[in-house]
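All remarks here apply to the structure that follows.
The values are calculated or read from the model by the stated rules, or taken from the named source; none is laboratory data. What you see is a predicted model, and the numbers here were worked out from it, not measured in a lab. All Cβ positions, even for glycine, are placed from backbone atoms using ideal geometry, and neighbour counts span all protein chains on display. Calculation scope for accessible area: heavy atoms of the full protein, side chains included, ligands and nucleic acids excluded. Shrake-Rupley method; radii C 1.70, N 1.55, O 1.52, S 1.80 Å.
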Amino acid sequence: MKNIAKYFQFEQLKTNFKTEIIAGITTYISMVYIMFVNPNVLGASGMDKGAIFTATALASAIGCFLMGILANYPIASAPALGINAFFAYSVVIGMKVPWQTALAGVFVASLIFLLITIFKLRELIINAIPADLKHAISAGIGMFVAFLGLSQGGLVVANPDTMVGLGSFTTPTTWITVFGLVITIILMVRRVPGAIFFGMVLTTLFGMVTGVIHAPTHLLAAAPSLKPTFLTAVSHVGDINTLQLWVVVLTFLLVTFFDTAGTLVGLATQAGFMKDNKMPRVGKALMSDSTAMLTGSLLGTSPVGAFVESSAGIAVGGRSGFTVVIIGIMFILGIFFSPLLTVVTSQVTAPALIIVGVLMAQQTREINWDRLEIAIPAFLIIIGMPLTYSISDGMALGIISYPIAMIAAKRGKEVHPLMYGLFFVFIGFIAILNV
């Protein structure tokens with residue numbers, strides 16, 4: 001045990017086994033929904049849901065092991081939300097591209113992703129982003145996470161007249177979120193260790209006692225076969241032979257690149273890892289998630305990347321890679337205990353996401369709001385992420401406006417050359433998405 005503690009630098013990071021395990025469990029419970037959401041989303045494309053379930057669990061586990069053991073960060077990986085919907089609904093259903101070819105597109109994008117990571121292009125870009133915008137990215141992710149929680153919990157719903165509105169309190173599941181939010185607020189304010197995790201446990205019990213959440217009929221189930229999707233991406237690479245399909249590949253690459261970059265920066269800022277506006281061991285972290293993306297495409301799932309729900313584990317004290325090693329183990333075990341996991345509904349995890357949003361939003365105090373050339377792009381990032389329901393789109397709004405605002409303030413020479421490059425990249429990125 002001493003060797004493990006030494007490897008993961010517990011002493012330097014001021015953490016311990018108990019804290020790391022609680023953090024791992026907390027993050028896992030916050031993100032385990034992806035094991036059920038991903039098969040439903042990708043299944044719309046005609047893919048085998050059972051195979052996707054297993055591929056999601058294994059790709060997430062491998063990504064977590066890589067990030068924890070190689071980079072020693074408490075940042076978990078899993079197939080990203082949003083890009084999986086783009087895969088199923090835009091590419092396969094909308095463009096009528098066979099899912100096998102779309103999966104090959106993910107594989108090619110992941111190879112390119114790995115190459116630009118090896119040549120440290122991603123590292124250079126992340127280090128070039130100004131500190132104020134890094135804080136804005138972290139706060140923006142907090143807003144995004146909170147909005148996700150409010151939506152999943154039924155407290156905020158779609159409204160045809162006002163776009164969004166207050167949810168209905170006549171819906172029983174909404175009261176699970178209300179109960180969980182009240183309990184978690186009390187535990188957090190009272191500074192109870194592991195407050196977010198214990199809040200979710202009590203919320204689950206409340207749901208089961210009231211009969212809204214049904215107890216599973218059995219505990220164990222065999223892992224579904226990977227055969228329908230395993231290595232399908234490789235055998236269909238030759239199908240990527242049109243300009244339209246290369247645009248699809250480029251979109252997979254760009255969305256994953258900036259979603260992951262934004263998430264890594266935001267989480268590292270939340271955990272206090274940033275030093276002199278740089279993320280230590282960023283190269284290893286980037287290599288870990290790009291390798292996870294490649295592995296995921298081979299197993300049969302949409303792009304894998306750093307997961308924003310890692311903020312829940314960080315919020316309860318997770319500081320080392322041991323946190324995500326625990327998460328990786330739980331993803332593997334989750335394959336066999338899938339019936340038990342169904343009790344942790346989105347309404348159970350919603351309060352945790354809302355509270356984590358509050359914690360991440362505290363980064364706004366580090367932004368120089370007195371200078372409009374900084375405040376405007378920072379604000380667009382923060383407000384853009386939840387309102388566009390996309391981390392990368394929110395980043396695009398801020399990074400495109402940043403050089404413009406700085407030039408208007410006669411501070412154009414202070415802008416890093418790569419930020420000017422990103423200005424044009426993001427314009428192209430938005431153009432591609434609209435096409």
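Miscellaneous remarks
- Check: region 1-147 dipole with +1 on Lys, Arg Cβ and -1 on Asp, Glu Cβ, in debye: 160
- Highest mobility in the GNM of the chain, judged by mean-square fluctuation with C-alpha springs under 10 Å and restricted to Gly328, Gly140, Gly421, is found for Gly421.
- Overall, the accessible surface of region 335-435 at a probe of 1.4 angstrom is composed of carbon and sulfur to the extent of 68 percent.
- Other residues whose C-beta falls under 15 angstrom from the C-beta of Ala55 contribute a net charge of +1, scoring Lys and Arg +1 and Asp and Glu -1.
- Of all aspartates and glutamates in the structure, the ones whose alpha carbon falls short of 19 Å from that of Lys2, not counting any fewer than 8 places away in one chain, are Glu11, Glu20.
- When the chain is treated as a Gaussian network with alpha carbon springs shorter than 10 Å, the biggest mean-square fluctuation among Thr162, Thr388, Thr242 belongs to Thr162.
- Å² of accessible area per residue within the chain, as computed with a 1.4 Å probe and no ligands counted: 42
- Too-long pairs where the Cα-Cα distance tops 28 Å, listed order kept, from Lys49/Lys96; Lys6/Lys278; Lys96/Lys284; Lys14/Lys278; Lys14/Lys134; Lys18/Lys284: Lys96/Lys284
- Our note on the geometry: Cα centres of region 180-248 and region 264-313, 18 Å apart.
- The distance between label points at Val201 and Val164 comes to 3.2 nm (points 7 Å beyond Cα on the Cα→Cβ vector).
- The listed residues Ile381, Ile407 rank as Ile407, Ile381 when sorted by accessible area, largest first, using a 1.4 Å probe.
- Residue of Val182, Val265, Val282 that the Gaussian network model of the chain assigns the largest fluctuation, springs spanning Cα pairs under 10 Å: Val182
- Amide hydrogen proximity for Val164: with H placed 1.01 Å from N in the peptide plane, the residues at 5 or more positions away or on another chain lying under 5 Å are Asn159.
- Extreme residue, positive dipole direction of region 243-323, given options Gly318, Val248, Thr295 (C-beta unit charges): Gly318
- For region 1-22 versus region 153-175, the gap between their alpha-carbon centres in whole angstrom: 42
- Computing FRET efficiency as 1/(1 + (r/R0)^6) for Asp239 and Thr217, where r is the C-beta to C-beta distance and R0 is 60 Å, gives about 0.90.
- Inter-probe distance in nm under a simple model that places probes 7 Å from Cα toward Cβ, at Leu418 and Leu387: 2.9
- Taking 0.36 nm per residue of sequence separation and removing the Cα-Cα distance, the Lys2/Phe337 pair yields an extension gain of 117.5 nm.
- For the chain, the dipole from Cβ point charges (+1 on Lys and Arg, -1 on Asp and Glu) about the Cα centre works out to 840 debye, to the nearest 20.
- Taking label positions 7 Å along the Cα-Cβ direction at both Trp369 and Val247, the computed distance is 4.1 nm, reported to one decimal.
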